[in-house]
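The values are calculated or read from the model by the stated rules, or taken from the named source; none is laboratory data. None of these values were measured; they are calculated from a predicted model. All Cβ positions, glycine included, derive from the backbone under ideal geometry; neighbour counts span all protein chains shown. Areas reflect the complete protein model, heavy atoms only, side chains present, ligands, DNA and RNA absent. Shrake-Rupley method; radii C 1.70, N 1.55, O 1.52, S 1.80 Å.
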Amino acid sequence: MFTNKLILNYRSANLSFKKFYTCIVERHEKVSLLPKGVDPRKYNLKSRHFQYKLVECTHIKKWGNIDVLLTEYVEGIGHKGEIVNVPRHTAYYDLLPARLAVYPTEEYLEMFSEERETLSTKAKVSPFAMKTKEELSKMVLDIPMNVNAEWTLVKDNIRIALRYKKIMCDNDSIDLDQDLDVTNKNWKEFNQEPFLVKIKINDYVSTDIKCRIVPIELEKLWEDFSAFNKTI
């Protein structure tokens, strides 16, 4: 009795966690039409009529994208009054519940008609540009410089340091402050406290990168490299 109660409780608990899905199927062999006036209840289906093939499973079907009308400016997606095509997961879980977007019905299109007329004058910002800005703003860029030689920090040094981080950038995209004077004599001032360098991502988006000078000695590096080769 005790075992039977456990089994019944286990079954009742599992029933609450069941999920029901919809699958679309079709017969392998179609059922022929009955003559007019024949009672369909007297028609005997054969075993071949109960063989089905799967057409579609709705629970594994991808949601796809959906068009929504933005009610506010959303960074990386669009401006107020713009109709954007976003994934359904983003629309249902982020935009629509927060009232940042609505369905583009005629009523809402008329409500945001003034904002839609000025969309052509607003800049289009890619979400990848905003993601790049976010990643660069978190970075602390180490700029290796030889302390035994005379040098002045220029754009090429920053470009090469970015290349070490697998970030390709040209000199025109680097905005180095003219008042920033970093040389081999005062590099210690910029070793502990980072300084800012502006990087231009596109015509509309730019960000500041934290940079610091990392001293290196080429002679010592060459000695260490020679000693390492002898051990091989």
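Quick notes on this structure:
- Dipole of the stretch 36-146 computed with +1 at Lys/Arg Cβ and -1 at Asp/Glu Cβ about the Cα centre; of 108, 37, 144, farthest Cα towards the positive end is 37.
- With every protein chain in place, the stretch 108-168: carbon and sulfur % of accessible area (1.4 Å): 53
- Between residue 28 and residue 119, the contour length at 0.36 nm per residue exceeds the Cα-Cα span by 27.4 nm.
- Dipole in debye (nearest 20) - the stretch 65-208, about Cα centre, beta carbon charges: Lys, Arg +1; Asp, Glu -1: 640
- Placed amide H near residue 141: partners under 5 Å, 5+ positions off or other chain: 210, 211, 212
- For the stretch 172-211, the carbon plus sulfur part of the accessible surface works out to 37%, probe radius 1.4 Å.
- Solvent exposure of the stretch 105-208, expressed per residue, is 71 Å² of accessible area, with all protein chains present and a 1.4 angstrom probe.
- Listed pairs 133/198; 155/198; 30/62; 166/188; 133/165 exceeding 18 Å between Cα atoms: 30/62; 166/188
- Maximal additional length on extending the residue 217-residue 170 stretch stands at 14.2 nm, based on 0.36 nm per residue less the C-alpha distance.
- With all protein chains in place and a 1.4 Å probe, the accessible surface of the stretch 37-99 carries 50 percent carbon and sulfur.
- Maximal additional length on extending the residue 42-residue 61 stretch stands at 3.0 nm, based on 0.36 nm per residue less the C-alpha distance.
- FRET efficiency estimate (nearest 0.05) - Cβ-Cβ, residue 92 to residue 184, R0 45 angstrom: 0.20
- Amide H contacts of residue 184 (H built 1.01 Å from N, in plane; Pro and chain starts excluded): 151 sit under 5 Å, all sequence-distant by 5 or more or on other chains.
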